[in-house]
Amino acid sequence: MAVQGSILGNAVLRREDPTLLTGSDEYLDDMKIEGCTYLHFVRSPIAHARIESIDTSDAAGMPGVLGVYTADNLELPDFQGFPMFPEVFNRPPLAKGKVRFVGDIVAAVVATGRAQAEDAGEAVLVDYDPLPAIVDMQAALEDGAPLLFEDHGSNLVFETAIGEGDSMEGADHVAEVTIESQRLAGVPMEPNGALAIPGDDGRLTMWMSSQNPVAVRDALAPLLGMEPEKLRCAAPMVGGGFGPKAGPYIEFVIAGKLAQTLGKPVKWAEVRSENMLSMVQGRAMIMTAKLGTTSDGTITGLDVDVVADGGAYPAIGAFLTIFTQTMSQGVYNIPKLNFHARSACTNTTTTAAYRGAGRPEATQMLERVVDVAADELGLDPTEIRRKNFLQPDQFPLTTHGGANYDSGEYERSLDAVIEAAGYQDLLAQQAERRASGSNKQLGIGVSSYVEVTAPAGLHIEYGAVEINEDGSVTGRVGTSAHGQGHITAFSMIISDMLGVPMDQITILQSDTDEIPRGAGTMGSRSLQTAGSAVHVASETVLDKASKLAAHLLEADESDIVKGDGGLQVAGVPAKALSWAELAAAAKDDGRRPADMEGGLAHELDFDGTDSTFPFGSHIALVEVDTETGAVELLRHVAVDDCGRILNPMLVRGQQHGGIAQGAAQALYEVVKYDDDGNPITGNLMDYAIPSAAELPSFETSNTETPSPRNPLGAKGIGESGTIGSTPAIQNAVVDAVSHLGVKHIEMPLSAMRVWEAINAS
């Protein structure tokens, strides 16, 4: 038998793609369940109002309607947005007495058909008494602002601060900028949804389009009055998530309760316009930064003030300022740092984690103020960064924000992106454009970043590996893929360790009947946690199988090696056992060593002990028409370091997807409300997301700085592209017109905003 070489580090094609490309995968709304009923939510068209009355009588008598429910006839406990917040902010599943944003649920209709449920929803009559609305996060914290929760006495949800004293003391120069990281919608390709199926034995199965069904189960069970083991939560194929699909939704709870009440399957599947109201949104921070430096650009201190928008029923989005605080030092030596953040509730959709979740905001703030400082001091943006980088010999390092950096070579990634972009040539091209007086000016934007992956205790994850009777392998993980390529990555790890072909490996995930526990997929945590778990589990199974093979083949355990389809004695191919033979022997009390447990399986909760900290540098090249303000992204060059790379094709896919989302924030996307709280970007006609046609082909590469915190040496990559790209593009657009006197332009960098900035200067 030939010994199989390692496949780790190679660009292995994704196992997931054939069924994705042929359209044979089943998503939530594809699921056909006999006797299924359909759930429709009646949502408030007013941002802030008292409910005077709800008349459901006409709707209840319409064809196919099985029930119409309000807070008066459907009893459910209030929904807690975030465990650290006061109970006053909890959300009633069906609005009680008051609505707080456009999209708040006032009634639920169940009917035998989707159209019948929607028609009946139109017949529910609600009498609203409008109240003043507040949509501006800063204004919400001022005295006299309309209150969403009168019993709380203010709209302040959460506050955090670090540092003390004057962070600007000793500075020769102070650069200052206020930057808004605007509110974004997640807009996954597949909207939200849930399918609740009651069982005869008191069990309930809930299928959901979720990044985290295993952990969501534990949140839903008490709300439904169930023991967790009676509730099965599972995800079929999931069409994108980006954070907004990470947690439980009140709609899931209502669907489950109505399935219990009616004894019938109940399906809720959003349409896009509903998704733009009810799915949690992201970012929504206004940050003012002051950066103190010496006259040569050495940083002496940083002062940051942040206001964040938590939306109508504050959840983790109002807490994400903690991550912004944690990462506020970034890649730099900063002797003194003050950070203060407040989060407000407003009459808008609730905010939560969106790709990067508090870390992009920190990088946007820091990389923008560093560029302002470079411009005011007459320094090249790359040189001010290089002068202030933390150095490799400083790691591990605990920052002012409390981040425990594992490893990093920030100058290396900057040097690599400078070379890849041809930075000096770009500067020469820019100088030529400026000298010619052309109305098409070039802008060059730089950003350097470090981010945290597997943050806030998410460094622990379940994994298991088992050799089956036929010699195939089953792996189990507590993460939950929705496009990242986990099946491929985890199969590669198991195959590399055990020598079993990838097509003989099954990966189970996203189902509480198969997975006992797990924290799901978010925070770019999956490879370093679940990947490490299956690595350790495979290693343990291999050790056990080697001991068994040595016993059966009458050889020394140190002489047992992997072969083609099993284990063999080194140098003696005839003395070999297949995995099927080893699996059978492991279950036979008479064949295995007396001190060996039966079966070839191992499960564990891998603990990486702490987060990991990927990093990188990006350079963006834009062209700005100074007559119209139009911006074109010509090139985007990224060098990201995610530790050891197991499959460069998967890494590249994450880089490209992340950069696209970062570019979208910089140039296109924003959720807007009018003064009365009416959303004015509630569909994809008004909410601008770019297609591939609007973006260049990104130029991506990597450095590799392994993390010491897991056996794979891996760090996360899922959010790096987003974190690095947005400030590089914003810096590039400002740079294109900085010679005209423009100091800053807010995102999204629309033609109108750029044109106004040029004319104002």
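Could you quote the convex hull projected area for segment 262-320, Cα atoms only and averaged over all directions, in nm²? Write out the running numbers ahead of the final one.
Values: hull surface 29.8 nm².
For segment 262-320, the mean projected area of the Cα convex hull comes to 7.5 nm².
Under the 0.36 nm per residue contour assumption, what length would be gained going from the current alpha-carbon distance of Asp143 and Leu156 to full extension?
Using 0.36 nm per residue and subtracting the Cα-Cα distance, I get 3.6 nm.
Sort Lys264, Lys562 so the one with the fewest other Cβ atoms within 10 Å of its own Cβ comes first.
Ascending number of Cβ neighbours within 10 Å: Lys264, Lys562.
Given +1 on the Cβ of Lys and Arg, -1 on the Cβ of Asp and Glu, and no further charges, what dipole in debye does segment 232-354 carry about its Cα centre, rounded to the nearest 20?
Computed about the Cα centre, the dipole is about 500 debye.
In the chain, if the dipole is taken from +1 on Lys/Arg beta carbons and -1 on Asp/Glu beta carbons about the Cα centre, which of Gly97, Pro236, Ser278 is farthest to the positive end?
Pro236
Can you give the charge dipole size of segment 147-239 about its Cα centre, rounded to the nearest 20 debye, using +1 on the beta carbon of Lys and Arg and -1 on the beta carbon of Asp and Glu?
860
Looking at Val450, Pro392, Gly471, which one has the Cα that reaches farthest to the positive end of the dipole of segment 318-477 (charges on Cβ: Lys, Arg +1; Asp, Glu -1)?
Result: Val450, furthest along the dipole toward the positive end.
Give the span of segment 610-761's Cα atoms along each principal axis, as three whole-Å numbers ordered largest to smallest.
Taking the Cα atoms of segment 610-761, the three principal extents are 54, 39, 30 Å.
Given 37 °C and 0.692 mPa s, how large is the Stokes-Einstein diffusion coefficient of segment 28-185 in µm²/s, with Rh as the Kirkwood radius over Cα pairs?
Reported coefficient: 171 µm²/s.
Defining a contact as two alpha carbons under 8 Å apart and six or more residues distant in sequence, what relative contact order in percent does segment 1-110 show?
Result for segment 1-110 is 35 percent.
Using the alpha carbon gyration tensor of segment 505-619, what are the three equivalent-ellipsoid semi-axes (square root of 5 times each eigenvalue), largest first, in whole Å?
Working: eigenvalues 236, 68, 30 Å².
So the three semi-axes of segment 505-619 are 34, 18, 12 Å.
When the Karplus curve 6.51 cos²θ - 1.76 cosθ + 1.60 is applied with θ = phi - 60°, which whole-Hz ³J(HN,Hα) does each residue of segment 329-339 get, with x for Gly and Pro?
Each residue of segment 329-339 in turn: 7, x, 9, 10, 6, 10, x, 9, 9, 10, 9 Hz.
Provide the three semi-axes, in whole Å and in decreasing order, of the ellipsoid equivalent to segment 323-408 as defined by the square roots of 5 times the Cα gyration tensor eigenvalues.
26, 18, 11
Count charges around Ala454 for me, please; just the other residues with Cβ under 10 Å from its Cβ, Lys/Arg as +1, Asp/Glu as -1.
Computed value for this residue: +1.
Please list, short to long, the whole-number percent of alpha-carbon pairs of segment 631-673 in consecutive 10 angstrom bins beginning at zero.
22, 45, 23, 9, 1
Largest first and in whole Å, what are the equivalent-ellipsoid semi-axes of the chain based on the Cα gyration tensor, each being the root of 5 times an eigenvalue?
Whole-Å semi-axes of the equivalent ellipsoid: 43, 39, 22.
So for segment 139-269, what percent of the C-alpha to C-alpha distances run longer than 20 Å?
Result for the distance tail: 62 percent.
Which of Asn731, Ala751, Leu650 sits closest to the plus end of the dipole of segment 631-761, meaning its Cα is farthest towards the positive end, when Lys and Arg get +1 and Asp and Glu get -1 on the C-beta?
So the residue we want is Leu650.
Which trypsin sites (Lys or Arg not before Pro) in segment 600-688 sit in a loop by DSSP (not H, G, I, E or B) and have at most 16 other Cβ atoms within 10 Å of their own Cβ?
Lys672
Calculate the dipole size of segment 571-669 relative to its Cα centre from +1 charges on Lys and Arg beta carbons and -1 charges on Asp and Glu beta carbons; express the result in debye to the nearest 20.
Dipole about the Cα centre, nearest 20: 600 debye.
State, to one decimal in nm, how far the label point of Ser697 lies from the label point of Ala456, with both points 7 Å from Cα in the Cβ direction.
A separation of 3.9 nm, rounded to one decimal place.
Could you work out the percent of alpha carbon pairs in segment 433-559 separated by over 21 Å, rounded to a whole number? All intermediate terms of the calculation are to be shown ahead of the outcome.
Numbers: 4154 of 8001 pairs.
So the portion of pairs separated by more than 21 Å is 52 percent.
Hey, can you rank 336-345, 509-518 by average C-beta count inside 10 Å, highest first? Each step should come with its number before you reach the end.
Numbers: 336-345: 23.7, 509-518: 20.1.
Peptide ranking by packing, descending: 336-345, 509-518.
Using only the Cα atoms of segment 283-427, what do you get for the radius of gyration and for Dmax, in Å?
Rg and Dmax of segment 283-427, Cα atoms, are 16.6, 51 Å.
Tell me which residues come under 5 Å, amide H to amide H, from Tyr673 once H is placed; ignore anything under 5 positions away on its chain.
Sorted by chain and number, the residues that satisfy this are Ile680.
What is the mean projected area of the alpha carbon convex hull for segment 645-701, to one decimal in square nanometres? Mind dumping the intermediate values first?
Numbers: hull surface 21.1 nm².
Averaging across all directions leaves 5.3 nm² for the Cα convex hull.
Over the chain, what is the relative contact order in whole percent, taking alpha-carbon pairs under 8 Å and six or more residues apart? Intermediate results must be reported in sequence, preceding the final value.
Numbers: 1928 pairs, mean separation 117.5, N = 761.
Normalised by residue count, the contact order of the chain is 15 percent.
Using amide H atoms built 1.01 Å from N in the peptide plane, name the residues 5+ places from Phe79, or on other chains, whose amide H lies under 5 Å from its own.
Distant-sequence amide H within range of Phe79: Arg91.
Given 10 °C and 1.306 mPa s, how large is the Stokes-Einstein diffusion coefficient of segment 375-421 in µm²/s, with Rh as the Kirkwood radius over Cα pairs?
130
Could you state, as a whole-number percent, how many of the C-alpha pairs of segment 37-98 are farther apart than 12 Å?
75
Over every pair of different alpha-carbon atoms in segment 97-175, take the mean of 1/r and invert it; report that Kirkwood radius in Å.
About 17.7 Å for segment 97-175.
What percent of all Cα-Cα pairs in segment 315-355 falls into each 5 Å bin, going from 0 up to the bin containing the maximum distance?
Calculated over all Cα pairs of segment 315-355, the distribution is 6, 18, 26, 20, 13, 11, 5, 2 percent.
Take every Cα pair under 8 Å in segment 132-247 that's 6+ residues apart, average their separations, divide by the length, and report that relative contact order as a whole percent. Walk me through the numbers on the way to the answer.
Details: 114 pairs, mean separation 24.0, N = 116.
Dividing the mean separation by the residue count of segment 132-247 yields 21 percent.
Where does the Debye-calculated log10 I(q)/I(0) of segment 370-493 sit at q = 0.10, 0.11, 0.12 Å⁻¹, using only Cα point scatterers of equal weight, no solvent?
Log10 of I(q)/I(0), two decimals: -0.60, -0.69, -0.76.
Using θ = phi - 60° and the Karplus form 6.51 cos²θ - 1.76 cosθ + 1.60, what ³J(HN,Hα) does each residue of segment 746-761 get, whole Hz, x for Gly and Pro?
Per residue, the Karplus-derived 3J(HN,Hα) values read 7, 8, x, 7, 6, 4, 5, 5, 5, 4, 5, 5, 5, 6, 5, 7 Hz.
In whole Hz and in residue order, list the ³J(HN,Hα) couplings for segment 292-306 that follow from phi through the Karplus curve 6.51 cos²θ - 1.76 cosθ + 1.60, θ = phi - 60°; x for Gly and Pro.
x, 9, 7, 5, 8, x, 6, 6, 10, x, 9, 10, 10, 10, 10
For a quick check: with amide H placed at 1.01 Å from N, whose amide H comes under 5 Å from Thr300's, ignoring anything fewer than 5 positions away on the same chain?
HN-HN under 5 Å from Thr300: Gly292, Thr293, Thr294.
Here, each number is a calculation from the coordinates, and none is a lab measurement. Here the structure is a predicted model, which means the values were calculated and not measured. Neighbour counts run over all protein chains shown; Cβ positions are idealised from the backbone, glycine included.
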